[in-house]
């Protein structure tokens, strides 16, 4: 069976399976191959075509082995012959090669369908989540999917898959791996015990969720933690955690449940601590409001390259919900006391680099002063933070 005939046969089988209902199990795929081949295929060729189609139509297809690797956090496809992974040490090119652009497009559209989203020339991009059981085995909450078709990406259909592995490491484990310096651990434990509200900030993939989960593990076992997330990642080793996960709209554009919706529900669930996995929109207003109405000890993560950028970042997010700058600074000063900054180094290692104290100026504006730094730089807020912790300990 020549390559041209094989390509034509594969296309006909794909079209047959696409119009048929039901799962593309091995029996159905084999029947479709025999029907389209007209009975001229030998057993060896039939088995080869069957294996090829099963690989393509099951789970993440050719990317499936990469997603099974426990070290992989991201799988990126930028062209049929350009597939990359991140195993915690930066991007590395793999040996995986798709047959052609059409194969990448078919995979992207099938995964989008599995996520309940639409992906075609009229809607050439998709952002969704593949739930557990969509071909991704092992310790995982699923996969976050982003895809862009070649109609707006001239180099070819682009796929980005992030494996949502549960962040379940405790603070002791983070100290053992070097992510949290030993001298910072005592300070972090005091912050948790004193019920100071804090935000973990850093860039993409810096380890914000991992640190947040480790800190939540130190919360008193008698406290009830309600976690709100856009995508399920938090899994702190704590006996009383309630997890709420947002839901995107379906293909018809209905049924969405936003993080902001869930924050409001969390307030009615008798939380001791409210945690937002990632603050990325107007839900920042609800979080700050909640922390200003007796729910101390709350936490969340925010994308920011340094603690100094946090006020401006939160200003931009609050503006999406109609909160002006002066009101945001007033709310922030009363709601959040500590900023934790994690940094991803060039070699892929991730570590806590700074602990900052939220300080309000005489003009009402908020800024962040360093209370601890990994590089031993000056820390103007070290004494004020310790005084605040001592006051909370007395209470």
Checklist line | Using alpha-carbon coordinates, inclination of helix 43-57 to the longest axis of the chain, degrees | finding: 30 degrees
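Looking at the square roots a ≥ b ≥ c of the eigenvalues of the Cα gyration tensor of region 60-164, which shape do they give, rounded for a/c under 1.5, prolate if a/b is larger than b/c, or oblate? Before the final figure, lay out the partial values.
Values: a/c = 1.87, a/b = 1.21, b/c = 1.54.
Oblate is the answer for region 60-164, as a/c is 1.5 or above yet b/c matches or exceeds a/b.
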Check: Where does each of 336-344, 278-286 land if you order them by average Cβ count within 10 Å, highest first?
Finding: 336-344, 278-286
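Could the peptides 209-219, 302-312, 369-379 be put in order, highest first, of the mean number of other beta-carbon atoms found within 10 Å of their residues? Don't jump to the answer; show the numbers that get you there.
On the way: 209-219: 23.7, 302-312: 18.0, 369-379: 14.9.
Put in order of decreasing packing, that is 209-219, 302-312, 369-379.
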Next item on the list: Express the relative contact order of region 171-394 as a whole percentage, based on alpha carbon pairs under 8 Å and six or more residues apart in sequence.
Entry: 22 percent
Notebook entry, point to check: In degrees, nearest 10, range 0 to 90: what is the angle between the Cα axis of helix 182-193 and the longest Cα principal axis of the chain?
Noted result: 80 degrees
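Hey, can you rank 120-127, 106-113 by average C-beta count inside 10 Å, highest first?
Working: 120-127: 13.4, 106-113: 20.2.
The densest-packed peptide leads the list: 106-113, 120-127.
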Next item on the list: Compute the long axis of helix 26-37 from its Cα atoms, compare it with the longest principal axis of the Cα atoms of the chain, and write down the angle in degrees, 0 to 90, nearest 10.
Entry: 40 degrees
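What is the fewest-to-most order of 105, 12 by other Cβ atoms lying within 10 Å of their Cβ? Intermediate values should be presented prior to the final figure.
Values: 105 21, 12 15.
Ranking 105, 12 by Cβ neighbours within 10 Å, fewest first, gives 12, 105.
Bear in mind that the values in this text are calculations on the coordinates, not laboratory data. Since the model is a prediction, treat every value here as computed from it, not as a measurement. We place every Cβ from the backbone using ideal geometry, glycine too, and count neighbours over all the protein chains shown.
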